[in-house]
Structure formats: structure tokens, C-alpha cells
Amino acid sequence: AQTIHQWPVAEIKAVGSPLSLGCTIKGKSSPNLYWYWQATGGTLQQLFYSITVGQVESVVQLNLSASRPKDDQFILSTEKLLLSHSGFYLCAWSPGTVYEQYFGPGTRLTVL
Amino acid sequence: QQKVQQSPESLIVPEGGMASLNCTSSDRNVDYFWWYRQHSGKSPKMLMSIFSNGEKEEGRFTVHLNKASLHTSLHIRDSQPSDSALYLCAASGANSAGNKLTFGIGTRVLVRP
């Protein structure tokens, strides 16, 4: 069975500080990977997707970047956090295109 | 302008009652619809998907799709308190790069015991 982990579970960070969020998928090779952001009370917004190692496509520019250093790992980062970065960050995977996307447990980020 | 519109924004349903949720896409390139349920503080879980015109039933949940109007609806019968959650509709197209899902803002359902 496939499992998806995200770390950390929650973060409280200062404006201007760097951020790195991680996601790993076990039990599935070559998954499509996605990063989503959900503001409090807001909808889910897809930020990045990756179909293969080393390749990441940006969907929405929010002063964030993403990388896929390994087949089962997806990293979201920024060098300088903004207040507007607060929210719920979700990693998801799918077996390919036109398939259900399975979400990880998420990371709750508070920027002060 | 949201490309995926959901209504109503919120809904209160008595336990055992029927909840009906609507979703319409304004993007003519949409081919597939997905319904996700998100309990408070948790990540979304897919409930049902529908790709063809008509109706699909799974347990207490039924979805309808009218591809001509790009409208889908989700119906929950015999609603239970555990059905209280945010229901998100998502749409994607066969030619969407990277299987991009566009989500609506959701319908918040509260089932009153």
C-alpha cells in the first residue's frame, strides 16, 4: 500500500525567515507529485506539479519554489517568508494523469 | 472569477436528511469532475469522481453530471453527523498539463443530530 508523509506537521516562523517543507511517498514508483496551498477558510490552490525526478512545473507564483530530488520526494521552499504564506500546505500524488489525487496529512504554517 | 463555482456556501441538514450540493465549471475544456470531503483540520479525501453524463451511486452518495452544462451535483442521503465537513468540487481536463485540478471554494455541511 502507498503511504504519503509530510514534515513538519506544523511550523511557526518569522517573516523573512527561510522555509523548507517535505513530502515522501512510499510504495509507488514514478508518481505524479503536487503541492497545494489552502489559506484559512479558502480553497485549495495547486502550486507545483512534477511528473518525473528533477522536473517541476509551477502553476501559481507565490514566491515559493519546489524541487524533486528523488523519485519519492518533493520539497517546497522559500528563502524569505511573507505573512501571506500562512496556511495549510498539502502534498498529493497520483499514479498518472486523469487519476485521483491522494493527499498527505498536510503541514500547517503560521508566519508571524 | 472562480472557474469552479459551488453552491450553496453552507448547508445545515438534520440527521437522516438529504444534502444536495452543486458545482459548475466555466471552463469548456473540463472533462472530469471530482468530489472531495475535508473534515476540519484534516486533508481532503476523494469521495467520488464522475466522467460521463448521468448518475453514479456509492452507498449513501450519488453524483450526477451534465457535461453539456458542465454541472455536477452531489447528494448525500441519510446524512450522519460524521458527514459534517467541507465538500470540495474539483475539475480537470484531458489535456490539463500535469493533471491540474481546479477546486471550488467548497460547501460546508453541518449535520444536526
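The values are calculated or read from the model by the stated rules, or taken from the named source; none is laboratory data. Because the structure is predicted, anything quoted here is derived from the model rather than measured. Note that each Cβ is placed from the backbone with ideal geometry, even for glycine, and that neighbours are counted across all protein chains shown. The area values use the complete protein model at the heavy-atom level, side chains included, leaving out ligands, DNA and RNA. Shrake-Rupley method; radii C 1.70, N 1.55, O 1.52, S 1.80 Å.
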Exercise. Just checking, which of B:S25, B:S49, B:S43, B:S7 is open to solvent by less than 70 Å² (accessible area, probe 1.4 Å), in contact with a Pro (Cβ under 7 Å, 6 or more places away or on another chain) and of a type in the set (G, A, S)?
Worked result: B:S43
For this session: Residue by residue through segment A:79-95, note down the ones that are over 16 Å from A:T3 (Cα atoms) and open to solvent by less than 20 Å² (accessible area, probe 1.4 Å).
Result: A:L81, A:H85, A:G87, A:F88, A:Y89
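Residues are listed down the side, and each one gets a yes or a no for (1) buried (at least 18 other Cβ atoms within 10 Å of the Cβ); (2) within 19 Å of A:L47 (Cα to Cα); (3) in contact with a Cys (Cβ under 8 Å, 6 or more places away or on another chain):
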| site | (1), (2), (3) |
| --- | --- |
| B:P14 | no, no, no |
| B:G17 | no, no, no |
| B:T72 | yes, no, yes |
| B:H75 | no, no, no |
| B:A85 | yes, no, no |
| B:C89 | yes, yes, yes |
| B:T102 | yes, yes, no |
Exercise. When B:R108 is evaluated against the numbered criteria (1) open to solvent by 10 Å² or more (accessible area, probe 1.4 Å); (2) facing chain A (nearest Cβ under 8 Å); (3) modelled with pLDDT of 95 or more, which criterion, by number, is the only one it fails?
Worked result: (2)
For this session: Sort out which residues of segment B:29-58 are under 19 Å from B:I105 (Cα atoms) and part of a loop (DSSP other than H, G, I, E, B), and write them in order of number.
Result: B:V30, B:H39, B:S40, B:G41, B:K42, B:S43, B:P44
Problem set entry | Candidates B:S49, B:S82, filtered to the one that is without any contact (Cβ under 8 Å) to a residue 60 or more places away in the chain, at the interface with another protein chain (Cβ under 9 Å from one of its Cβ atoms) and farther than 26 Å from A:W7 by Cα | B:S49
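Per-residue answers, yes or no, for (1) in contact (Cβ under 8 Å) with a residue 40 or more places away in the chain; (2) touching a helix residue (DSSP H, G or I) at 6+ places or on another chain (Cβ under 7 Å):
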| site | (1), (2) |
| --- | --- |
| B:E15 | yes, yes |
| B:D27 | yes, no |
| B:R37 | yes, no |
| B:R60 | no, no |
| B:K67 | no, no |
| B:R77 | yes, no |
Exercise. Restricting to strands (runs of 3 or more DSSP E) lying wholly in segment A:24-107: which have 1 or more residues that are at the interface with chain B (Cβ under 8 Å from one of its Cβ atoms) and at positive phi?
Worked result: none
Problem set entry | Flag if A:E57 is of a type in the set (D, E, K, R), open to solvent by 50 Å² or more (accessible area, probe 1.4 Å) and under 14 Å from the mean Cα position of the chain (by Cα) | yes
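Of the residues that sit in segment A:19-41 and are in contact with a helix residue (DSSP H, G or I) (Cβ under 9 Å, 6 or more places away or on another chain) and not polar (S, T, N, Q), which one is surrounded by the most Cβ atoms within 10 Å (Cβ to Cβ)? Give the derivation first.
Narrowing segment A:19-41 to residues in contact with a helix residue (DSSP H, G or I) (Cβ under 9 Å, 6 or more places away or on another chain): A:19, A:32, A:34, A:37, A:39.
Filter once more, so that each one left must be not polar (S, T, N, Q): A:19, A:34, A:37, A:39.
Working: A:L19: 18, A:Y34: 28, A:W37: 22, A:A39: 13.
Looking at residues that are in contact with a helix residue (DSSP H, G or I) (Cβ under 9 Å, 6 or more places away or on another chain) and not polar (S, T, N, Q), I get A:Y34.
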